[in-house]
Amino acid sequence: MVRSGLNKIVSSVLVNFIVLFLTAGSVAACVTEEGQKVGPSGGVLPRFVSLSADEANMRTGPGRQYPIEWVYARRDLPLEVIDEFGPWRQVRDNVGTVGWMHVILLDNKRTAMIADEKLRLFEEASQASEVTIIADRGVIGSIEFCKDVWCKINIDGTSGWAERKYLWGVYPSEVIE
């Protein structure tokens, strides 16, 4: 009887060890060759997305049972996904507010927000070229391309090139084609 109980304990410990080993292996597999973390959805973390709804609730946790902390009313607002839990995404906005939103409220469409007081956008990726539009802080545009220090964005049908350091919604060395 004692031997049977001991065998059960050893078997249980062995099963737990195997589960722990397999889990550790799967976590290691969630990192790209470039060293980027990959979330359960298969998306790289962190990454930028945009708000797909005219109104979206940001909650304190990943579920409808958590209180609403903020209500966003700005379609195309760029948000940074920093974590995932099922259909919920932990996001950060341009002022650093962090909370959870349901994936249905988010879109992979890439947008950027003007982070400078007034930003001149140029016809070419050069400050020597003609200005196509001057945008105020907080204006949002769709990202068309980003390469080197420049991003081409479209604001209400007018495209122009801006230095990425004046935009929120794109990483410093990210290439967008």
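Overview of values
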| item | result |
| --- | --- |
| Test result for ILE68, aliphatic (A, V, I, L, M) and more than 16 Å from the chain's Cα centre (by Cα) | yes |
| Residue within segment 124-132 that is at positive phi and out of contact with any helix residue (DSSP H, G or I) (no Cβ under 8 Å at 6 or more places or on another chain) present | no |
| Members of segment 75-133 found to be open to solvent by less than 20 Å² (accessible area, probe 1.4 Å), part of a strand (DSSP E or B), hydrophobic (A, V, I, L, M, F, W, C) and farther than 18 Å from TRP161 by Cβ, listed by number | LEU79, VAL81, VAL91, MET101 |
| Scope segment 155-177; condition part of a strand (DSSP E or B) and surrounded by 16 or more Cβ atoms within 10 Å (Cβ to Cβ); matching residues | ILE155, SER159, GLY160, TRP161, ALA162, GLU163, LEU167, TRP168, ILE176 |
| The listed residue being at pLDDT below 95 and exposed (fewer than 13 other Cβ atoms within 10 Å of the Cβ), out of GLU55, GLU34 | GLU34 |
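The rows are residues; the columns are (1) among the hydrophobic types (A, V, I, L, M, F, W, C); (2) in contact with a Gly (Cβ under 8 Å, 6 or more places away or on another chain); (3) more than 17 Å from ASN94 (Cα to Cα).
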site	(1), (2), (3)
LEU121	yes, yes, yes
VAL131	yes, yes, yes
VAL139	yes, no, no
CYS151	yes, no, yes
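The values are calculated or read from the model by the stated rules, or taken from the named source; none is laboratory data. In this text the structure is predicted, and so the values were computed from the model without any measurement. Note that we place each Cβ from the backbone using ideal geometry, even for glycine, and neighbour counts take in every protein chain shown. What goes into the accessible areas is simple: the full protein's heavy atoms, side chains included, and nothing from ligands, DNA or RNA. Shrake-Rupley method; radii C 1.70, N 1.55, O 1.52, S 1.80 Å.
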